[in-house]
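One structure below.
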């Protein structure tokens, strides 16, 4: 008997923690559980083929807004190819509209609703009977006791109908049994999981479930209690990640610091047991961080922690309407402190399409959050999720949203579809030219030509539209040239400055094999550069860590570039003189900033 648990992720680097938790809780039936993970970028026919060739006896899909369209496409054909194989669905995308899903997909046997660990365990028990060490199917059990096919069907019906958390076409067994988090085994108890299945992928982990907040757009607000995993278990599991030097562990606790003492104990533990490698990601509420926590966070190894902070909007009327309590002044103050520490990557979120927020209000929210200078500013769009409070307000808000997943907002009483289209374009520019971190110095200088930051990204989006670049989707390297063309259109008199800024931004990130066309001719610098490396080879000053390398090898591992403007800090520039700024910048790619990924730079006045 093989039960195939299927997770279809948004990207390869992601994994599906739900299916690993289900398998961990399967008890004696764990050996009957096989996991299959795919991505939404794979062809449906390839996924279908792989599922079929695995020869499952039962199939169970983990359903979310990002994968349900693909699952919907797979279900009919899988039913044709494997008509006798029961198909189960679970996850937030189906839990709150199980009857509707069953009506739409006759191929589906049933839906496991809500937290599924106990429910799945009982369903596995139903399909796999254990007689001593021999695993047999229910049909074999039926044959052993001479049950007729009809009696066996009745026995099966009775078996499922007593499992909490199940919806079929014939019965609804009500709410699932919710386990104490101490009862859920560690998902990664088998070390091979981390060595093989999670190689080059994000490892997810949770220490709590539920959320104390009641945000109208979020399904976490349905679970009004917050339950915590025992701290002694957490510390042992953190040791597992630390001892295995896992690159990144992403906590999926909805508001990690909702309990100050819980958060402090974990942050203190990872600080005291730092392995110099592992990065931990936490989603927090910034306005409730206490000074004690700030002091501790300031002492963490650079890059040890990254924080995701959901601001969503700065409009007080909107915040009140969506039942979100935020002390905006305190949030800004704490974000400024966290940013000032220089050791934590900060990710801030905004949501467009919320009630009582028109385009003008959203632009105000954008500019206020942008001014906090996060390393990553995520401009998201409201998704109307089944089961959320927002879904009950559709008519009141004049809320139009996509018919199919991810159910994203199209328009509201306050924002038009044309506005949404415009914001989508701005979102793309923000991703390419801000969140990528590839154009930091160029964008910072370019911002000065606009009254407010949003104006820069809106103008850049208009430029893309006029040039047909949204359709062409320029390559990463060509985006530098596109930004130069835009900058010259906006601020043509400083064209040479932008060329140098883009050169600086380029070499901060990578050692180029070939120089883009807009970069100045390097032939005039060749003798200066070669003399520098030859001197470092014989008398190392900056390259002491490369003492065993020849000058030519050093040149491949580092870079030296001559600049006429103070591109490293344009606030120094008086707008006229050049000679007093002239000098070289040395880029060391063996020593990168753990927060930004930028190469270490050393400014050399005289070369």
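Model label sites at residue 277 and residue 259, defined 7 Å from Cα along the beta-carbon direction, differ in position by 3.0 nm. When the alpha carbon gyration tensor of the chain is reduced to an equivalent ellipsoid, the three semi-axes, largest first, read 50, 29, 24 Å. Taking the number of Cβ atoms within 10 Å of each Cβ as an exposure proxy, the fewest-first ranking of 341, 105, 445, 256 is 341, 105, 445, 256. Remark: spin-label model distance residue 171-residue 240 equals 3.5 nm, labels positioned 7 Å along the Cα→Cβ axis. Given the C-alpha centroids of region 1-35 and region 271-325, what is the distance between them in whole angstrom? Computed from Cα coordinates, the inter-centre distance equals 30 Å. Stretching the chain fully between residue 269 and residue 496 yields a gain of 76.7 nm (0.36 nm per residue, less the alpha carbon separation). Counting neighbouring beta carbons within 10 Å and listing from fewest to most, the residues 95, 208, 361, 436 come out as 436, 361, 208, 95.
Is region 426-512 best put as rounded, prolate or oblate by its Cα gyration tensor, with a ≥ b ≥ c the root eigenvalues, rounded for a/c under 1.5, and otherwise prolate when a/b is larger than b/c, oblate when not?
Rounded, since a/c falls under 1.5.
Here each label is just a point 7 Å from Cα along the line to Cβ, and for residue 548 and residue 72 those points are 5.9 nm apart. Our estimate of slack between residue 477 and residue 28, defined as 0.36 nm per intervening residue step minus the Cα-Cα distance, is 156.3 nm.
Rounded to 0.05, the FRET efficiency of the residue 593 and residue 327 pair, given R0 = 30 Å and the Cβ-Cβ distance, is 0.45.
The eigenvalues of the Cα gyration tensor, multiplied by 5 and square-rooted, give region 361-443 an equivalent ellipsoid with semi-axes of 28, 13, 12 Å from largest to smallest. Legend: P(r) of region 182-401 from all alpha carbon pair distances, 10 Å bins from 0, whole percents, reading 7, 31, 33, 21, 7, 0. Sort region 521-604 into rounded, prolate or oblate with this rule: let a ≥ b ≥ c be the square roots of the eigenvalues of the Cα gyration tensor; rounded if a/c is under 1.5, and if a/c is not under 1.5, prolate when a/b is larger than b/c, oblate otherwise. Cα axes put region 521-604 in the oblate bin.
List 388, 514 from most exposed to least, where exposure is judged by having the fewest other Cβ atoms within 10 Å. Write out the running numbers ahead of the final one.
Numbers: 388 20, 514 7.
So the residues, fewest neighbours to most, are 514, 388.
Using 16 Å as the cut-off for backbone N distance, which residues of region 413-436 belong to the label zone defined by a point 7 Å from the Cα of residue 465 along Cα→Cβ? The answer is 416-430, whose backbone nitrogens lie closer than 16 Å to the label point. Any idea what the relative contact order of region 487-605 is, in percent, if you count C-alpha pairs under 8 Å spaced at least 6 apart? 24 percent. The length gained by stretching the chain between residue 485 and residue 252 to full extension, at 0.36 nm per residue less their Cα-Cα distance, is 79.7 nm.
Using only DSSP helix segments of four residues or longer, with each worth -39500 (n - 2.57), what per-residue ellipticity at 222 nm results for the chain after dividing by its residue count and rounding to 500?
Rounded to the nearest 500, it is -11500 deg cm²/dmol.
The DSSP beta bridges internal to the chain are antiparallel in roughly 35% of cases.
Just so you know, all these numbers are worked out from the coordinates, no wet-lab data involved. The structure presented is a predicted model; accordingly, all values stated were derived computationally and were not measured. Note that each Cβ is placed from the backbone with ideal geometry, even for glycine, and that neighbours are counted across all protein chains shown.
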